[in-house]
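Quick notes on the structure that follows.
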There are 2 protein chains.
Amino acid sequence: MNTAENTLSIFALGGINEIGKNMYVIKYADDIVVIDCGSKFPDESLLGIDLIIQDISYLRENQDKIRALVVTHGHEDHIGGIPYLLKQINVPIYASRLTLGLIELRLKEHGLLRQTELNLINADSKLDLGTVSLSFFQTNHSIPDCLGVVFDTPEGPVVHTGDFKFDLTPVNNENADIHKMAEIGKNGVLVLLSESTNAERPGFNPSESLVGGHIEEAFRKASRKIFISTFASNVHRVQQIVDAAQKTNRKLALLGRSMVNVVTVASELGYLTIPEGMLIEASEIRQMDSQRVAILCTGSQGEPMAALSRLSSSNFRQVEIQPKDTVIFASGPIPGNEKSISRIIDNLYLLGANVIYGSGSATGMHVSGHACQEELKLMITLMKPKYFIPIHGEYRMLHHHSLLAESVGVEKENIFIINNGDVVDVSDQHASQTREVRSGDIFVDGMGIGDVGNIVLRDRKLLAEEGMLVIVLTIGKTDGQLVSNPDTISRGFVYSRDSEKLLNEVNELVAKTIGKSEGPNGNRRNSLRQTVKKSVETFLFTQTKRRPMILPIIIEI
Amino acid sequence: MNTAENTLSIFALGGINEIGKNMYVIKYADDIVVIDCGSKFPDESLLGIDLIIQDISYLRENQDKIRALVVTHGHEDHIGGIPYLLKQINVPIYASRLTLGLIELRLKEHGLLRQTELNLINADSKLDLGTVSLSFFQTNHSIPDCLGVVFDTPEGPVVHTGDFKFDLTPVNNENADIHKMAEIGKNGVLVLLSESTNAERPGFNPSESLVGGHIEEAFRKASRKIFISTFASNVHRVQQIVDAAQKTNRKLALLGRSMVNVVTVASELGYLTIPEGMLIEASEIRQMDSQRVAILCTGSQGEPMAALSRLSSSNFRQVEIQPKDTVIFASGPIPGNEKSISRIIDNLYLLGANVIYGSGSATGMHVSGHACQEELKLMITLMKPKYFIPIHGEYRMLHHHSLLAESVGVEKENIFIINNGDVVDVSDQHASQTREVRSGDIFVDGMGIGDVGNIVLRDRKLLAEEGMLVIVLTIGKTDGQLVSNPDTISRGFVYSRDSEKLLNEVNELVAKTIGKSEGPNGNRRNSLRQTVKKSVETFLFTQTKRRPMILPIIIEI
């Protein structure tokens, strides 16, 4: 990479053409600032994979230049990769209070807390990091304490919005600082990177505070126990649930590890106000009058091991859902989770519960945390960017976001829809995208990071859909003929006891195949393996229209 | 099963607590009528399964009593199981013209056409089948020629709605026969079975004819080629696409086998009117002026092998999507398909196409084929049933449908929310549900029907998520000690070349384990297998936090 020393470079190592694993890099001269380090959950095609993180080869190679990792807020897709990053390189982290609190939880789990430099910042902080200086502005989102970042570079100001929406009547009066944004944009920014999650959605989000009213109404109507589920990190939503419980004179129990963790951190740091004596233990619920208790639980996305899923299958030791209990989904489904959520709703109805959920009932128990089209246009209008890079979204979102930018006056040729790794270089106020750095997906599976690659995944897919057949052949070293009958073991293909005939036929076929082949030596053993594989494959496909993985094992004695 | 001879029995063998594999049974005395025989697509947890059909043990055992299979309409979830049923028992089939045409297509594929008795009926037909006589009424749905069925039994009339909605301005003036329904219900029916798909959705569906206007508008605006995708079986939608092409002076090409098949059958039978000379071959598209051509294709649900998916990845030999082409999804996503559809939309934007799809753009290119709440209430109001059985839906849909029935006057205790197999017996005008018949899912995998069961699926899941390890041990017959080093083969666990060290450690561990155990004989060989399995499992979990399937193979020589 030959770039002029005084070039401003901007690129993503994650977050583009995907929702998840956000990581953006701003570099000027020898100073690199990294923004966010998220993880991403695999879709069902990545069999057995736990988590996806960024390929950070670039950061490893340029370690000495990294001045900071700035984290805009505490969601998984912005902090979930931090432990894996820190296992490879050491960087000082800068984040606001709640964000730091949530990062600390994560570092504790990975035993990385002590060795990491954590720096507290807020919307008024200023950081000088070599040739670049940073300032911040408060935004609204579905978690408190979100920051947008302004990079003052010798080329001009670069703004990264973080995740945001505009909520003009926010819970706790935590207003987005529109005045500061206007001030930043007054003279125009050089480059704006803005999030695109809801760029397909017209309009302007309703305020989070509306949700509070709907929750309170549902609490008032409920005649027995209330179960309510939301993202633990949606602290404002949790606050409104606490408020509804207080107003309707109910105690509150927390179910699910992440709910307990986040509520504890948020309360300690003052983001959540829970009245003395309101919280009860799960073990106390059974002794309470059912009209006097509400249960706040994890699992609103249908996660099979979370509290709500276990409650719905009557598989939670300390409490059960009974007829006429109320269950509220104070959440929207993340695309892909609809089916698991529906299954839980079915089970809840079977238990006799009154279920309040989004689809088809307009109950207003959720608003999105991401700016819709009018809000996105407001942000671009405030910032007046010369160059615009839509980030944080699938391609269709980036595409729609770029149309929005055009509609509020950004020149079409000044909009860069990039891929992860594509570098936008700005030099003498002129931006261009001609080169790229390495980027990609790294799979975390158990304790392995990056050891599961395409070959392993391809095998898993084949095993998953067709199963396998191990054929053990014991043959004489000299004559290459079978010493005993072939033995066949199948898994995930057919159930052996039911398919004895088929497997016997395979053994006979193999015996015949071997009989015809010549004695093995060196390569011939390999070719024998191929011959057996091929003939069994053909036979089974004709008989069953399936293609299990065939593993011939040849033992010479 | 001891039921009084003059009992009316009603039950489902599929379609309850699921969307798919519909099959309902009405029995009086010794006369059985079966309604519909659908299939269901497996969800991703059923690894490798192609199709799900009903367990028809009951029908096999009562073959001699089955008077008819009546098919309400030609959708997969109502006809897809017919070839598999006919391979087991022979029954005369009764269906309307288009439905029969689509059944014939299916029977041809399975080589069953000649041996099957197919009877054409229409809304005016009357059938006498022993003690039960059948009549029919026309309904609206997303495929033409749909019938509701009236069973006149000695106990009283039983009505099965089939799939329906009310469209008061239908395409082709194919009105639902509300007057006949009112006549049927005038004196009240004994039992109503009504479909529940949209029981969660408030309101009344807009008319299909509105969609036509929107399609025409989009056709007028398009400056280059138009690709439009919908369900082939939605013949009214296809007719409106044909009309839009005609009005905007475009030729029409059909892509995708099911589109060609259904359009051919529907045209031959007179359900679809395509002007002479409008249809062109896919191979002619390239020679045409791009403003003069539209392409109607399969794949609106994101099916990876269908035309639209292949077009979106530039993987279709005869035609390609070019910048400024228009692509229209004239369809809604079936739950679970959202992700695949989104991926295609991303690719279409990448190709530079103008994409028109549902989410967030209110383009009105689709209306549902299933009655919403007000329509469901209208049907119940028309029929005035004493007893009500909500069918065709997941539990939450049945639940909401039962609330709707209550709201229009059905007694709560006269509503039966049943499971597949639950029998509602009606005797002396009194209904009760106390017994069940066998029902269940049968998996079709390749040519196998029912040979993939829970053990095979459990193995596939384990293989899919964790992979496997085959350990080959050659030991002496007499001393039980290793003759040569153990050999380890892994698939879907780690890639062997990268993980040589780990696999070597496994081999060492196995050698040590064998060394400690005693010589094998009979059972001891089994216990050796268990010991090796256990120790390798524990070792790998400690090292990797994964639990691959371990298959020790012991060869004695």
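The values are calculated or read from the model by the stated rules, or taken from the named source; none is laboratory data. No experiment lies behind these values; they were computed from the predicted model shown. Cβ: placed from backbone, ideal geometry, glycine included. Neighbour counts: every protein chain shown. Areas reflect the complete protein model, heavy atoms only, side chains present, ligands, DNA and RNA absent. Shrake-Rupley method; radii C 1.70, N 1.55, O 1.52, S 1.80 Å.
Just a few scattered comments:
- Qualifying positions in segment B:404-414 - within 14 Å of another protein chain (Cβ to nearest Cβ) and surrounded by 14 or more Cβ atoms within 10 Å (Cβ to Cβ): B:LEU404
- Every pair of residues 6+ apart whose Cβ atoms lie under 8 Å, when the first sits in segment A:534-546 and is within 9 Å of another protein chain (Cβ to nearest Cβ) while the second is open to solvent by less than 70 Å² (accessible area, probe 1.4 Å) and part of a helix (DSSP H, G or I): A:GLN543/A:LEU502; A:GLN543/A:GLU505; A:THR544/A:LEU502; A:ARG546/A:GLU466; A:ARG546/A:LEU540
- Qualifying residue in segment B:279-288 (condition: among the β-branched types (Val, Ile, Thr), surrounded by 18 or more Cβ atoms within 10 Å (Cβ to Cβ) and either closer than 27 Å to A:GLY336 by Cα or touching a Ser or Thr at 6+ places or on another chain (Cβ under 9 Å) (or both)): no
- Flag for B:LEU348 being more than 20 Å from B:GLU216 (Cα to Cα) and in contact with a Cys (Cβ under 8 Å, 6 or more places away or on another chain): no
- Within segment B:495-521, the only residue that satisfies the criterion of being within 14 Å of chain A (Cβ to nearest Cβ), modelled with pLDDT of 85 or more and in contact with a strand residue (DSSP E or B) (Cβ under 8 Å, 6 or more places away or on another chain) is B:LEU503.
- A:ILE341 vs. criteria at the interface with chain B (Cβ under 9 Å from one of its Cβ atoms), surrounded by 22 or more Cβ atoms within 10 Å (Cβ to Cβ), without any contact (Cβ under 8 Å) to a residue 60 or more places away in the chain and within 28 Å of B:ILE341 (Cβ to Cβ): no
- Residues (surrounded by 24 or more Cβ atoms within 10 Å (Cβ to Cβ), among the β-branched types (Val, Ile, Thr) and either within 14 Å of chain B (Cβ to nearest Cβ) or not in a loop (DSSP other than H, G, I, E, B) (or both)) located in segment A:42-78: A:ILE53, A:VAL70, A:VAL71
- Some residue of segment A:453-466 being among the hydrophobic types (A, V, I, L, M, F, W, C) and either more than 10 Å from every other protein chain (Cβ to nearest Cβ) or assigned to a loop (DSSP other than H, G, I, E, B) (or both): no
- Segment B:191-234: number of residues that are of a type outside the set (Lys, Arg), outside any loop (DSSP other than H, G, I, E, B) and more than 24 Å from B:SER314 (Cα to Cα): 15
- One residue stands out among those in segment A:364-376 that are closer than 18 Å to A:ASN337 by Cβ and within 13 Å of another protein chain (Cβ to nearest Cβ): the one that is modelled with the highest pLDDT, which is A:HIS370.
- Only one of the numbered conditions (1) at pLDDT 95 or above; (2) assigned to a loop (DSSP other than H, G, I, E, B); (3) among the β-branched types (Val, Ile, Thr) is violated by B:ILE103, and that is (2).
- Looking only at segment B:303-329, residues that are open to solvent by 70 Å² or more (accessible area, probe 1.4 Å) and touching a Phe, Trp or Tyr at 6+ places or on another chain (Cβ under 9 Å) come to 1 in all.
- Pairs are defined by a Cβ separation below 8 Å, a sequence spacing of at least 6 or placement on different chains, a first member in segment A:257-281 that is over 15 Å from A:PHE231 (Cα atoms) and in contact (Cβ under 8 Å) with a residue 60 or more places away in the chain, and a second member that is open to solvent by less than 40 Å² (accessible area, probe 1.4 Å) and not in a helix (DSSP H, G or I); the pairs so defined are A:TYR271/A:PRO144; A:TYR271/A:ASP145.
- Qualifying positions in segment B:425-448 - within 11 Å of chain A (Cβ to nearest Cβ) and touching a residue at least 12 places away in the same chain (Cβ under 8 Å): B:VAL444, B:ASP445, B:GLY446
- Single unsatisfied condition, B:LEU482 versus (1) open to solvent by less than 70 Å² (accessible area, probe 1.4 Å); (2) in contact with a Pro (Cβ under 9 Å, 6 or more places away or on another chain); (3) more than 30 Å from B:ASN420 (Cβ to Cβ): (2)
- Sole exception among (1) touching a strand residue (DSSP E or B) at 6+ places or on another chain (Cβ under 6 Å); (2) buried (at least 23 other Cβ atoms within 10 Å of the Cβ); (3) over 25 Å from B:GLN429 (Cβ atoms) for B:TYR28, by number: (3)
- Check on A:SER484, hydroxyl-bearing (Ser, Thr, Tyr), away from chain B (no Cβ under 12 Å) and either free of Cβ contacts under 8 Å to residues at least 40 places away in the same chain or not in a strand (DSSP E or B) (or both): no
- Verdict on B:GLY81 being within 14 Å of another protein chain (Cβ to nearest Cβ) and either out of contact with any Leu (no Cβ under 7 Å at 6 or more places or on another chain) or of a type outside the set (Lys, Arg) (or both): no
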